[in-house]
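Let me begin by presenting the structure, written as structure tokens, before commenting on it.
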Amino acid sequence: MSTRKAGNWWFVVAALGLFAAAGGACGGGGGKGAGGAGGVAGSAGHGIAGASGGPGGLGGGSGALGQGGEAGAGAAGSAGAMGGSGGGGGFAGAGGVAGAGGGVVVDCGAGGFIGAPGSLISDGGFECPTVPAGGYTSFAMGQQFFGWTVVGAAGSVSPLSAAYAMEGYRWPAHGGSQTLDLTGAGSNSATGVSQLVPTVPGTTYHLSFWVGNMSAPGTGWGTSSTVNVMIDGTQALAAANTDGTGSTSLAWRQFTLDFVATTAATTVAFINGDPAGDNSNILDDVTIN
């Protein structure tokens, strides 16, 4: 995306942003299986009863990743949603996040949790790290950010501010305040992101995501956007969006895919499928239920 990006920012998120949908409050501790110092709590919780709760979701006790844990007295169950028997902390961050109802929970702190209620995907809206308003930051092949790993061909991807605009064109988010540009900072290669999610063998899962296309003939942004979806390394879908003719703003289209898990953890990847001369291929609002 070199034709529309002025430079790269590497933004280090130091603060814990603790949000709650529908008026929750920051909890001081997770459920008994959440682990860590904090957790997601609330009257409705943040998961699916029976699916996420129980005495340990991903190996419990002290937790899975960060300092806090995801638990809840509501839907996630008091035993903890993402707890585990191994690890030094939970999945939510130092203070955890609490909430009374639905909505996207965002905590960009160390080990933060970002996601839609009930979804197995962390940071499916690419809200973290927080990028400068109207700007972006880039991650190269092999780097990680908030649950995602940059994979594929040598190149980069770029979390992008929804306020980004250039030469009269705008890149608004489908939801939230950020998106992900799979073309990166001008690399325009078959690069993308992947995430390993917990699954139950033999269970069918529903993947949903949105692709934003800039149809701008004669510019460096192309007229179509294609995202190749990989399930455990095998291509399962080529999601092509050709909408937006005559518009100066992204045109969003939803794509869905059902897949059957074969192992206890499934890798889902989204790879840039645009040609080398196309500098815009935008992904947002990824969920797996």
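The values are calculated or read from the model by the stated rules, or taken from the named source; none is laboratory data. From a predicted model like this one, the values you see are computed outputs, not experimental measurements. Note that we place each Cβ from the backbone using ideal geometry, even for glycine, and neighbour counts take in every protein chain shown. With ligands, DNA and RNA removed, areas are computed over all heavy atoms of the protein, side chains included. Shrake-Rupley method; radii C 1.70, N 1.55, O 1.52, S 1.80 Å.
Things worth noting here:
- For region 179-194, filtered to residues that are surrounded by fewer than 24 Cβ atoms within 10 Å (Cβ to Cβ) and outside any loop (DSSP other than H, G, I, E, B), the residue that is farthest from the chain's Cα centre (by Cα) is T191.
- Residue within region 195-205 that is surrounded by fewer than 17 Cβ atoms within 10 Å (Cβ to Cβ), in a loop (DSSP other than H, G, I, E, B) and in contact with a strand residue (DSSP E or B) (Cβ under 8 Å, 6 or more places away or on another chain) present: yes
- Residue list for region 119-164, filter: among the polar types (S, T, N, Q) and either open to solvent by less than 50 Å² (accessible area, probe 1.4 Å) or in contact (Cβ under 8 Å) with a residue 40 or more places away in the chain (or both): S119, S122, T130, T137, S138, T149, S156, S158, S161
- Scanning region 278-285 turns up no residue that is in a loop (DSSP other than H, G, I, E, B) and surrounded by fewer than 16 Cβ atoms within 10 Å (Cβ to Cβ).
- Condition broken by E167, with the remaining ones in (1) open to solvent by less than 30 Å² (accessible area, probe 1.4 Å); (2) at pLDDT below 95; (3) among the charged types (D, E, K, R) satisfied: (1)
- The listed residue being modelled with pLDDT of 95 or more and in contact with a Gly (Cβ under 6 Å, 6 or more places away or on another chain), out of N241, N228: N228
- Here T219 meets each of (1) open to solvent by 30 Å² or more (accessible area, probe 1.4 Å); (2) more than 17 Å from L250 (Cα to Cα); (3) modelled with pLDDT under 95 with one exception, condition (2).
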